[in-house]
Amino acid sequence: MGEIMQIRARGIRTTVAALAAVAGVAAVAVPAAAATTPASATPRFLEPAELPPHPTSPWYAGPVTAGQPDPLPVCVGEALPSIATHRSYGTEFDTNAQQITVVERTAQRAKDFAALLRKDIAGCAKKLMEQDPDLTATQKSYGRLNVEEGAHVYGLHTASAWGSSDIGLFSVGRDGRTVTVVLWGQMGNFQHAQVADFKKTTVTAVNKLY
């Protein structure tokens with residue numbers, strides 16, 4: 001089991017909705033016509049079939065898009081630079097995902113950026129609850145994956161006083177001077193988190209960077 005952190009404090013009411021939509025990914029399927037990654041896109045992004053399988057729906061993918069996602073994703077959004085590139089994914093139900101990749105000038109800058117992202121995720125539950133008195137957030141660390149320069153996987157569950165419950169998985173991986181973040185989320189709790197499948201997705205994402 002991962003390290004668990006649970007704290008109760010204050011946060012913003014939009015937090016639960018943001019987590020349910022994995023940091024702003026719309027809770028509707030992306031049209032299949034948009035599922036082709038441009039051949040010129042480097043590094044490569046995940047394909048829909050490489051995401052944790054949904055029991056009743058295929059995944060659909062939007063185009064690889066330059067710049068920060070809009071809205072910014074929960075936990076990691078504030079650290080993302082304008083040079084980021086992202087791709088959003090959805091199913092026919094309320095399960096969504098996103099991959100964000102940043103190519104830094106040097107491997108050291110990428111190492112520092114990955115460390116900053118991990119720090120932001122590690123403090124995310126506390127920060128969210130410091131902003132919203134009606135929110136309870138619980139985090140887990142699922143440890144390090146041995147792929148390229150390494151990847152780390154985390155879980156975040158949020159529950160509101162008005163009854164919503166959402167689970168999200170996050171990973172931060174690096175290959176040389178490239179850092180990628182993968183987000184997955186749906187309604188539910190830690191029992192609904194597809195951790196083993198998400199770890200496989202993360203390994204694939206890091207291996208595909210070049």
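The values are calculated or read from the model by the stated rules, or taken from the named source; none is laboratory data. Since the structure is predicted, the reported quantities are computational estimates derived from the model, not experimental observations. Cβ sites come from the backbone with ideal geometry, for glycine too, and all protein chains shown count toward neighbours. Areas reflect the complete protein model, heavy atoms only, side chains present, ligands, DNA and RNA absent. Shrake-Rupley method; radii C 1.70, N 1.55, O 1.52, S 1.80 Å.
The condition of being in a helix (DSSP H, G or I) and farther than 16 Å from residue 81 by Cα holds for only one of 196, 114, 159, that being 196. Residues of the range 138-156 include at least one that is polar (S, T, N, Q) and open to solvent by less than 30 Å² (accessible area, probe 1.4 Å).
Filtered by the rule that a residue be more than 15 Å from the chain's Cα centre (by Cα) and among the aliphatic types (A, V, I, L, M), the range 117-161 gives 128, 129, 135, 137, 145, 147, 159, 161. Residue pairs whose Cβ atoms lie under 8 Å apart, separated by 6 or more positions or on different chains, with the first residue in the range 114-134 and open to solvent by 40 Å² or more (accessible area, probe 1.4 Å) and the second of a type in the set (S, T, N, Q) and assigned to a helix (DSSP H, G or I), are 131/15.
If you go through the range 60-100 and keep only what is among the aliphatic types (A, V, I, L, M), over 12 Å from the mean Cα position of the chain (by Cα) and in a loop (DSSP other than H, G, I, E, B), you end up with 64, 80, 83, 84. Against the conditions (1) open to solvent by 10 Å² or more (accessible area, probe 1.4 Å); (2) more than 25 Å from residue 166 (Cα to Cα), residue 102 satisfies every one except (1).
Taken residue by residue, the range 177-188 has at least one member that is open to solvent by 40 Å² or more (accessible area, probe 1.4 Å), of a type in the set (A, V, I, L, M) and touching a residue at least 60 places away in the same chain (Cβ under 8 Å). Of the residues making up the range 33-59, those that are among the aliphatic types (A, V, I, L, M) and either modelled with pLDDT of 95 or more or part of a loop (DSSP other than H, G, I, E, B) (or both) are 35, 39, 41, 46, 49, 51.
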